[in-house]
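These notes are about the structure you will find just below.
The values are calculated or read from the model by the stated rules, or taken from the named source; none is laboratory data. On a predicted model such as this, the values are computed, not experimentally measured, just so you know. Positions of Cβ are generated from backbone atoms using ideal geometry, with glycine treated the same way; all protein chains shown enter the neighbour counts. Surface areas here come from the heavy atoms of the whole protein model, side chains and all, with no ligands, DNA or RNA. Shrake-Rupley method; radii C 1.70, N 1.55, O 1.52, S 1.80 Å.
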Amino acid sequence: MLDILLYDGFGHHDSDGERYAAELEAAADAEVPAKHLVQFAKVAAHTIGEHLGDWPRARRLGDRLLAGRTPDAETGKAWGHVYVARLLAGDVAGAAEAEIDCCRGAGADFRAAIVEMKFLLVAALVGGKRAGEASAIYQGALELARALGDAAPSRAIAVASNNLATELLEAPSRTQAEAALMLRAATASHEFWLKCGNWLNDARGDYLDALVANVLGEFAKAMAHIDRAFALIAANGGAPVDETFLHLARAHARRLAGDEAAAASELELSDSDAEGWDDEGLTSWYAEERARVMPDAIAVEAAEDEDWDD
């Protein structure tokens, strides 16, 4: 049952975070097997710390999970997640202890563990709407990660970079420095997904690159990334939801290029695809993204009513 809670149940952490947090706290009353410890610490910090904004509560749960345990190669990263929870809860000494224990679990070469913890911290700060604080840590950690070469913790870097780029992308405005950081983070996200992901991660990297290029007014670059993403998806059997969002990004690029007819055609394609979805979360995400990139376009519901009247 614990694996269902930690993996399948995690899908509800955003929509019903308080309930999910309570379920995690109840589950921690029983002994957590070593194979689940890292995931448990991860979802606890993410749900309670980032989404609910209660880092002291996240720290308390993390402390319960780790009580009486010794880090090893299988469980060491759990201390990395608790390091973040303790640090953001204001427990500096406890965070330092968790950092040391995470390094102990990594073995003799703990350089990657240190770098990964910095990216876990960046991701937590960004998730808590503290991108400004995350940026200085991010740039230094990225330099360290590249110095590690193939030993770098690629997935943690890709996730933190993606989150940082997306947070800056969705901001109502950006300074020149923030725009440069957004571009750097998007580029790094794609770079490190190529080291640890698959073709879909590659295509989604192009999608993020296209979104960033669009908000920077570089619609030709955006189109190149979109075309590449479509080619990757076609070569691998399709990804309908991703294709819908790519059509929306292309509509934005076409509008930026001044081709309103092509923009309207792409928007019609993406709207038609999204109309068939029955996932409320996905539909809401599409509506929010559509309003962000095409704010002057007629709302989907209004367009449907207009067609009905005709």
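Okay, here's what the table says:
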{"quantity": "Pair list, Cβ < 7 Å and 6+ apart or interchain, from the range 249-274 residues that are over 22 Å from Gly238 (Cβ atoms) to residues that are in a helix (DSSP H, G or I) and of a type in the set (Gly, Ala, Ser)", "calculated": "Arg254/Ala262; Arg254/Ala263; Arg255/Ala263; Ala263/Ala251"}
{"quantity": "Cβ pairs under 7 Å, 6+ apart, first in the range 98-115 and over 16 Å from Arg69 (Cβ atoms), second assigned to a loop (DSSP other than H, G, I, E, B) and open to solvent by 60 Å² or more (accessible area, probe 1.4 Å)", "calculated": "Gly107/Ala73"}
{"quantity": "Selected residue (only one of His36, His46, His81 is under 17 Å from Val126 (Cβ atoms), at pLDDT below 95 and assigned to a helix (DSSP H, G or I))", "calculated": "His46"}
{"quantity": "Which listed residue, of Leu256, Leu267, is over 22 Å from Val159 (Cβ atoms) and open to solvent by less than 50 Å² (accessible area, probe 1.4 Å)", "calculated": "Leu267"}
{"quantity": "Scan of the range 171-200 for residues that are over 19 Å from Gly127 (Cα atoms), assigned to a loop (DSSP other than H, G, I, E, B) and open to solvent by less than 70 Å² (accessible area, probe 1.4 Å), ordered by number", "calculated": "Gly197"}
{"quantity": "Residue under evaluation Leu168, criteria (1) in contact with an Asp or Glu (Cβ under 8 Å, 6 or more places away or on another chain); (2) not in a helix (DSSP H, G or I), criterion not met", "calculated": "(2)"}
{"quantity": "Qualifying positions in the range 211-227 - hydrophobic (A, V, I, L, M, F, W, C) and either buried (at least 24 other Cβ atoms within 10 Å of the Cβ) or in a helix (DSSP H, G or I) (or both)", "calculated": "Leu211, Val212, Ala213, Val215, Phe219, Ala220, Ala222, Met223, Ala224, Ile226"}
